Amino acid sequence: MLDTLRRTFELHGFAGIETRAVEPLDQLLRKGETSKEVYVLRRLQEEGDPSDGAAGDRGGKGDKQLGLHFDLTVPFARYVLENAGHLAFPFKRHQIQKVWRGERPQDGRFREFVQADIDVVGAGELPYHFEVELPLVMAEALGELRSIGVPEVRILVNNRKVAEGFYRGLGLGDVEGVLRSIDKLDKVGPDKVAALLVAETGATPEQAAACLALAAISGSDASVAERVRALADEHGVTSELLEEGLGELSALIDAAAVRAPGVVVADLKIARGLDYYTGSVYETVLVGHEQLGSICSGGRYDTLASDGANTYPGVGLSIGVSRLVSRLLSAGLVRSTRSVPSAVVVAVTSEETRPASDAVAVALRSRGIPVEVAPSAAKFGKQIKFADRRGIPFVWFPAGIGADGEVVPHQVKDIRSGEQVAADPAVWAPSAEDLWPRVVPAGE
């Protein structure tokens, strides 16, 4: 899966980078509510040091506070600032690394997991068309995984300008608070979100109802913008920001309808609770398995990377690869053809003849065939069972001298069918399907 994603990203010009696992805590805490999920690191303290404390302490006195990165966007912003003089903008990067989050492990949730990100960052400005390009690149990458059993995906999009313009037009000042509440809609339902809006953002019941009405609008054509405008008229909302956001959202939907029909859908409840998004926001679901939640998300950010004098706006999306894989496995959608790389086990007749078995393995590996040699010179039946337990399809019997003194040629056995034929280590090869393990739809 990682190879497929990486290949697709690079086909679109995204360069691969890797950033350090540890970042300054003050940088990691720029993401609002998720700050409570950061794993904080301490330098090793001398025994009895009064600054030593619980594992969750934010470092010893005088230490620069550090934490493990819990996504790849904030580290990327730091990378851009440190290397701006060496990068050609707009800079397109992909990054596939582990991240850490301090949350309770459960189905689809991990403390340590792999993410795969793509971002494009500009210097001073970033044209809107990248907000169209990025979700389509991600849709293509995920589409390439269809062959291994990943279901069709649907990318749900919204625009923060639409939401902010509408909320401010209603008279709501705590836009970030409203967005965080709306972001919980799928988890807690409209009644509880309405109560949150009233209790936490100061909205009236009428304003909360209007926010929920906006969140209920979705579609894959220009009618979405007209329905939003009609709702705005109904509540007396006028906003240049709202109109700007609707124009951008319509442009994205129109372009996606041409390049990837049916894949991108406007959904006005997509809020993305993180504070730094400023334009398009995205979430991705598996069609027919929407209950599994989003497996890919992101958006436009204008101020995350800034050194005070220069700003580097960007847009990006991130796949929770571990989350996606766990969902596919728990739902029984995919399987692996075998659990180890080896396509062949070379049998060992006796420990004295092990060098002959090793020579066969060397010959096969030199032609790119993954091979292992049997661990012991047991009866051939046991060596075949060893291969079968590991899902290895072929067992190779090296040439030797038979009981009657005749030369027995090399033979290879397909233990699935029982077929056994003479073979030459210099030319024999398994089929393309058997050469390496594959991930396939569960039904195959």
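Criterion first (open to solvent by less than 20 Å² (accessible area, probe 1.4 Å) and out of contact with any helix residue (DSSP H, G or I) (no Cβ under 9 Å at 6 or more places or on another chain)) does residue 341 satisfy it?
When the stated conditions are applied, residue 341 does not pass them.
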Taking into account only those residues within the stretch 348-361 that are of a type in the set (Ser, Thr, Tyr) and either more than 12 Å from residue 400 (Cβ to Cβ) or assigned to a loop (DSSP other than H, G, I, E, B) (or both), which is least open to solvent (accessible area, probe 1.4 Å)?
350
Of these, 244, 283, 240, which one is within 14 Å of residue 226 (Cα to Cα) and touching a residue at least 60 places away in the same chain (Cβ under 8 Å)?
244
Taking the stretch 163-185 only, how many residues are closer than 17 Å to residue 267 by Cα and either touching a Ser or Thr at 6+ places or on another chain (Cβ under 8 Å) or exposed (fewer than 15 other Cβ atoms within 10 Å of the Cβ) (or both)?
5
So residue 262 passes all but one of these: (1) surrounded by 17 or more Cβ atoms within 10 Å (Cβ to Cβ); (2) more than 18 Å from residue 315 (Cα to Cα). Which condition number does it fail?
(1)
Given the conditions (1) open to solvent by less than 10 Å² (accessible area, probe 1.4 Å); (2) closer than 23 Å to residue 219 by Cα, report the number of the one that residue 313 does not fulfil.
(2)
Open to solvent by less than 60 Å² (accessible area, probe 1.4 Å) and either β-branched (Val, Ile, Thr) or farther than 23 Å from residue 278 by Cβ (or both) - does that describe any residue in the stretch 237-247?
yes
Picking from 125, 103, which residue would you name as being open to solvent by 10 Å² or more (accessible area, probe 1.4 Å) and over 23 Å from residue 13 (Cβ atoms)?
103
Mind checking whether some residue in the stretch 377-395 is within 24 Å of residue 437 (Cβ to Cβ), part of a strand (DSSP E or B) and in contact with a strand residue (DSSP E or B) (Cβ under 9 Å, 6 or more places away or on another chain)?
yes
Residue 369: passes all of (1) touching a Lys or Arg at 6+ places or on another chain (Cβ under 9 Å); (2) within 19 Å of residue 434 (Cα to Cα) but (1)
Residue check: is residue 251 small (Gly, Ala, Ser), open to solvent by 10 Å² or more (accessible area, probe 1.4 Å) and not in a strand (DSSP E or B)?
yes
From the list 303, 284, exactly one residue is polar (S, T, N, Q) and open to solvent by less than 20 Å² (accessible area, probe 1.4 Å). Which is it?
284
Being part of a helix (DSSP H, G or I) and within 30 Å of residue 290 (Cβ to Cβ) narrows 328, 364 down to just 328
Boolean, residue 425 is part of a loop (DSSP other than H, G, I, E, B), within 30 Å of residue 329 (Cα to Cα) and open to solvent by less than 30 Å² (accessible area, probe 1.4 Å)
no
Among the residues in the stretch 164-185, are any touching a residue at least 24 places away in the same chain (Cβ under 8 Å), touching a Gly at 6+ places or on another chain (Cβ under 9 Å), of a type in the set (Val, Ile, Thr) and within 18 Å of residue 296 (Cα to Cα)?
no
Considering only the stretch 260-285, state which residues are at pLDDT below 90, out of contact with any helix residue (DSSP H, G or I) (no Cβ under 6 Å at 6 or more places or on another chain) and closer than 21 Å to residue 188 by Cα.
272
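The values are calculated or read from the model by the stated rules, or taken from the named source; none is laboratory data. Not measured: the values here are computed from a predicted model. Cβ sites come from the backbone with ideal geometry, for glycine too, and all protein chains shown count toward neighbours. Accessible surface is based on the protein model in full, side chains and every heavy atom, while ligands, DNA and RNA are left aside. Shrake-Rupley method; radii C 1.70, N 1.55, O 1.52, S 1.80 Å.
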